[in-house]
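The values are calculated or read from the model by the stated rules, or taken from the named source; none is laboratory data. As the structure is a prediction and not an experimental result, all values here were calculated from the model. Cβ atoms come from the backbone with ideal geometry, glycine included; neighbour counts cover every protein chain shown. With ligands, DNA and RNA removed, areas are computed over all heavy atoms of the protein, side chains included. Shrake-Rupley method; radii C 1.70, N 1.55, O 1.52, S 1.80 Å.
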Amino acid sequence: MDSFSFTTVQGKTEVFYCDEPFLPPVGTAGGMYIADSNTAPIAKSAKNFRHDLPLVIIEAGEENKNFTSLVSILKTALDAGLSRNSVFIGVGGGLVCDLAAFAASVYMRGAKCKLVPTSLLAMADAAIGGKTAINFDGYKNMVGTFFKADEVYISPKVLKSLSEPEYLSGMFEIFKMGLLYSKDIYQIFRNQKENILARDEDLCLDLVKKAVEAKALVVSRDFDEKNERAFLNLGHTFGHALESVLNFSKISHGEAVAWGISKAILLGKKLGLTDSSYADEVCAVIHSYSRIDVPLLYDKEKVLLAMKKDKKNIDNKIRLILQKNICETFIYEASEKDIREVL
């Protein structure tokens, strides 16, 4: 079992790469499992699963990333007599990883947290870096904490069972990491589309490892997003707004982010801030992987309104992550007029 570790202001996170789905052992203080209706079977069949521990199953779907699900987890923990030394083990995609870690972060002011991501998105992004959240009042990740997982267990074998939208959702987040920090990742997306879409196991593991290590370095330097970590939001201000307008349906998170990246890149090109040939190339790559004709789905003014409520904004100004070229990234406060023109 290969492993990789990184350290933040909250301590060390150990990342394990496993051949098969593997659940972390539970100590004498006990613990519980959190899964959704799609990933509960994976949890139950994974190595080390203990039938004597509580298992909370959240109904799958982004609309269930809410206070009701959070309360269900916390009540189960309390009824089971868990302590702050007990471990919350999340088995699932971004929904489960965010919920399980959020619950652990607020239970008795902080229990232990270990994650077993089962989606590509969670492996490369949601399980790494200590952001936890639930959606609130129709807005994405509006309530949450910074709270690292102690351990993360990644098994690329589960990727074979993902639907095409789920798989591409994760791939678009990895693509984002390539634009930000890895020319190698970017070139793989440009030149190995067939192998990526075929879900080549060795290639998937290589991409996940590159993305995890790139994100871990950023998180180690800026855990609570005071500076550089904000770059990881490339495409997210646009993308989160689109998800909110669509009520978290019709499009996956990664696809929304990919659309958001294209809008951010086009905005940079329009303003003369992004290299024109780079912008055209990035948009062409995104288009070659995308399944959905996004412009048919949304109302521009509603998207703009949602962007104005993004939690990353300061002084009522919409803060976007833009790029000059690959691996050359900066923060820009955009006018509503300019944003409206690229929507």
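Residues 302, 176, 210 ordered from highest to lowest accessible area at a 1.4 Å probe: 302, 210, 176.
Computed about its Cα centre, the charge dipole of segment 4-97 is approximately 300 debye, with only Lys, Arg, Asp and Glu carrying charge at their Cβ.
Under unit Cβ charges (Lys, Arg +1; Asp, Glu -1), what dipole magnitude, rounded to 20 debye, does segment 45-109 have relative to its Cα centre? Could you put the intermediate results ahead of the total?
Details: 6 positive and 6 negative charges, 64 e Å.
The calculated dipole for segment 45-109 is roughly 300 debye.
Simple spin-label estimate for residue 227 and residue 63 gives 4.3 nm between the two label positions (7 Å along the Cα-to-Cβ direction from each Cα). If R0 is taken as 56 Å, the Cβ-Cβ distance between residue 220 and residue 299 corresponds to a FRET efficiency of 0.90. Overall shape: rounded for segment 1-160, with the ratio a/c of the largest to smallest alpha carbon gyration tensor axis below 1.5. Packing-based ranking of 64-76, 123-135 yields 123-135, 64-76, ordered from highest to lowest mean Cβ neighbour count within 10 Å.
Dipole size in debye (nearest 20) for the chain around its Cα centre, Lys and Arg Cβ +1, Asp and Glu Cβ -1? It would help to have the intermediate numbers written out before the result.
Numbers: 42 positive and 44 negative charges, 140 e Å.
Computed about the Cα centre, the dipole is about 680 debye.
Sequentially through segment 259-271, phi angles give Karplus couplings (6.51, -1.76, 1.60; θ = phi - 60°) of 4, x, 4, 4, 5, 5, 5, 5, 5, x, 5, 4, 7 Hz, Gly and Pro residues having no value and appearing as x. For the pair segment 186-262 / segment 40-69, the C-alpha centres are spaced 25 Å from each other. Full extension of the chain between residue 273 and residue 250 yields a length gain of 5.1 nm, computed as 0.36 nm times the residue separation minus the alpha carbon distance. DSSP assigns beta bridges within the chain; of those with both partners inside it, close to 50 percent run antiparallel. Treating r as the C-beta distance of residue 324 and residue 190 and R0 as 22 Å, the FRET efficiency rounds to 0.70. The helix-only estimate of mean residue ellipticity at 222 nm for the chain, built from DSSP H runs of length n ≥ 4 each weighted as -39500 (n - 2.57), is -13000 deg cm²/dmol after division by the residue total. Amide H contacts of residue 334: 318, 320, each under 5 Å away and 5 or more positions distant or on a separate chain (H built 1.01 Å from N in the peptide plane; Pro and chain starts excluded). Can you tell me the orientation of helix 164-181 relative to the chain, as the angle in degrees between its alpha-carbon axis and the longest Cα principal axis, to the nearest 10? So the helix axis and the longest Cα principal axis differ by about 70 degrees. Charge tally around residue 133: other residues with Cβ under 12 Å, Lys/Arg +1 each, Asp/Glu -1 each, net +2. Mean projection of the Cα convex hull over all viewing directions, computed for the chain: 15.7 nm².
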